[in-house]
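The values are calculated or read from the model by the stated rules, or taken from the named source; none is laboratory data. Everything quoted here is computed from the prediction, not taken from an experiment. Note that we place each Cβ from the backbone using ideal geometry, even for glycine, and neighbour counts take in every protein chain shown.
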Amino acid sequence: MIEIKHITKIYDGQKALDDVGFTVGDGEVVGLLGPNGAGKSTLMKILTCFIPPTEGEATVCGHSIYDEPLEVRRNIGYLPEHNPLYLDMYVREFLQFAAGVQNIKNAKERAEEMIEKVGLTPESNKRIGQLSKGYRQRVGLAQALIHDPKVLILDEPTTGLDPNQLEEIRAVIREAGKNKVVLLSTHIMQEVEAMCTRAIIIDHGKIVSDDSMANITSQQLTEKFHRVTR
């Protein structure tokens with residue numbers, strides 16, 4: 001569903017990504033784990049066609065990021081690191097608007113379904129600007145899921161959540177991973193352990209480890225991650 005081949009991105013002479021390549025298939029929840037500045041967000045922006053790579057190729061659901069960017073975007077639900085929202089809109093209003101952008105016919109019903117799915121019901125009558133950071137993150141996740149995309153790309157999806165909210169959102173992401181491709185980024189190792197079926201560690205734009213969570217112990221993952229964060 002996601003295929004990345006030899007992706008390199010250069011900013012001002014520096015390589016943010018250096019010959020990155022991997023594939024992600026159906027039913028996988030893959031964690032991109034690495035320190036801040038490792039290149040995780042850059043890779044996600046390339047996959048969602050926000051920026052082009054300097055070199056290399058990538059496809060999403062068989063569609064090229066170069067030749068079919070609109071088809072790529074139709075198949076992706078994206079939650080960026082800095083969650084962009086219309087703060088003056090009400091939660092329901094915003095989600096109905098997002099559904100309309102995706103040409104969903106039953107926009108009201110779908111918005112209500114997403115409100116319940118991500119646990120927004122207690123705050124659903126408020127303007128987004130009145131919400132806590134954690135609830136704003138839920139709105140962003142609901143927006144990413146509203147058109148039932150085949151691929152979810154989530155950049156730091158649990159930022160700002162309290163411990164109770166963390167477990168609820170982790171459960172939503174794990175459930176989504178049963179029938180979607182999920183690629184999420186984090187610099188918190190415990191997040192990968194809690195949600196992912198596979199962990200890819202990236203450092204200075206290079207992949208330094210790629211393992212199934214079934215084939216790696218928590219201690220091994222910790223040791224690998226600590227090597228790149230020292």
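Numbers for the structure displayed
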{"quantity": "Conditions (1) at pLDDT 95 or above; (2) within 21 Å of the chain's Cα centre (by Cα); (3) assigned by TED's automatic domain parsing to the domain that holds Gly34: number failed by Asp155", "calculated": "(1)"}
{"quantity": "Matching entry among Gly31, Gly21 (being under 13 Å from the mean Cα position of the chain (by Cα) and part of a strand (DSSP E or B))", "calculated": "Gly31"}
{"quantity": "Looking only at segment 119-161, and only at residues there that are of a type in the set (Lys, Arg) and in a loop (DSSP other than H, G, I, E, B), the one that is nearest to Val60 (Cα to Cα)", "calculated": "Lys150"}
{"quantity": "Top-ranked residue of segment 1-53 - restricted to ones that are among the hydroxyl-bearing types (Ser, Thr, Tyr) and out of contact with any Phe, Trp or Tyr (no Cβ under 7 Å at 6 or more places or on another chain), ranked as nearest to His82 (Cα to Cα)", "calculated": "Ser41"}
{"quantity": "Residue in segment 150-170 that is farthest from Pro84 (Cα to Cα), counting only those that are crowded, with 23+ Cβ neighbours inside 10 Å and among the hydrophobic types (A, V, I, L, M, F, W, C)", "calculated": "Ile153"}
{"quantity": "Top-ranked residue of segment 75-93 - restricted to ones that are over 17 Å from Leu184 (Cα atoms) and either in contact with a His (Cβ under 8 Å, 6 or more places away or on another chain) or part of a loop (DSSP other than H, G, I, E, B) (or both), ranked as modelled with the lowest pLDDT", "calculated": "Pro84"}
{"quantity": "Flag if Glu116 is in a helix (DSSP H, G or I), farther than 18 Å from Glu191 by Cα, in the same structural domain as Met189 (by TED's automatic domain parsing) and without any contact (Cβ under 8 Å) to a residue 60 or more places away in the chain", "calculated": "no"}
{"quantity": "Answer from Leu47, Leu43, Leu32, Leu85 - the residue that is crowded, with 19+ Cβ neighbours inside 10 Å and in contact with a Lys or Arg (Cβ under 7 Å, 6 or more places away or on another chain)", "calculated": "Leu32"}
{"quantity": "Subset of segment 171-202 that is under 17 Å from Ala142 (Cβ atoms) and free of Cβ contacts under 8 Å to residues at least 24 places away in the same chain - its residue that is surrounded by the fewest Cβ atoms within 10 Å (Cβ to Cβ)", "calculated": "Glu175"}
{"quantity": "Of all residues in segment 129-139 being within 21 Å of the chain's Cα centre (by Cα) and of a type outside the set (S, T, N, Q), the one that is surrounded by the fewest Cβ atoms within 10 Å (Cβ to Cβ)", "calculated": "Lys133"}
{"quantity": "Verdict on Arg73 being out of contact with any strand residue (DSSP E or B) (no Cβ under 6 Å at 6 or more places or on another chain), basic (Lys, Arg) and surrounded by fewer than 19 Cβ atoms within 10 Å (Cβ to Cβ)", "calculated": "yes"}
